[in-house]
Amino acid sequence: MKLKKSQEMDEMIPLKFFLSQNYPNPFKDKTTIKYCVAQKTRVELTVYNSERKKITTLIDDIKDPGTYEVEFRSANANDKPADESLYYRLTAGNYTTEKRMDIIK
């Protein structure tokens, strides 16, 4: 079976850790966050409000190398976000990065 180009890309092992901008952004109810893991390690993906109070942890698990995506639903957060801007942080091994996402009210 011949793979489509998008499937080939998804099966490639990333050379470095990477956190993509969520899409769509801004969003109303749900958004997708994509990230790359370069080596087997514990991965944590957490969503924070503008005061850096944790809203929810989306991922806290050991992941094999690869490209992953996770859906964030604003209505399913522990506390309904009051902010129009939230932040999500990826920690994987020694790699940490953060991005901002915006909610449409």
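Of all the residues in the stretch 13-29, those that are surrounded by 13 or more Cβ atoms within 10 Å (Cβ to Cβ), in a loop (DSSP other than H, G, I, E, B) and among the aliphatic types (A, V, I, L, M) number 0. For the stretch 66-82, the set of residues classified as under 13 Å from K28 (Cα atoms), at pLDDT below 95 and touching a strand residue (DSSP E or B) at 6+ places or on another chain (Cβ under 7 Å) consists of R73, S74, P81, listed by residue number. Output yes when any residue across the stretch 30-48 is outside any strand (DSSP E or B) and in contact with a Gly (Cβ under 8 Å, 6 or more places away or on another chain), and no when none is. The answer is yes; a qualifying residue exists. Taking the criterion of being within 17 Å of T31 (Cβ to Cβ) and either modelled with pLDDT under 95 or surrounded by 14 or more Cβ atoms within 10 Å (Cβ to Cβ) (or both), the residues of the stretch 51-65 that qualify are I55, T56, L58, I59. A Cβ distance below 7 Å, combined with a sequence gap of six or more or placement on separate chains, defines the contacts here; from the stretch 50-70, residues that are touching a residue at least 12 places away in the same chain (Cβ under 8 Å) reach residues that are polar (S, T, N, Q) and outside any strand (DSSP E or B) in the pairs I55/N49; I55/N78; T56/N78; P65/Q39.
The values are calculated or read from the model by the stated rules, or taken from the named source; none is laboratory data. Values in this document were obtained by computation on a predicted structure and should not be read as measured data. Here Cβ is always computed from backbone atoms with ideal geometry, including for glycine, and neighbour counts include all displayed protein chains.
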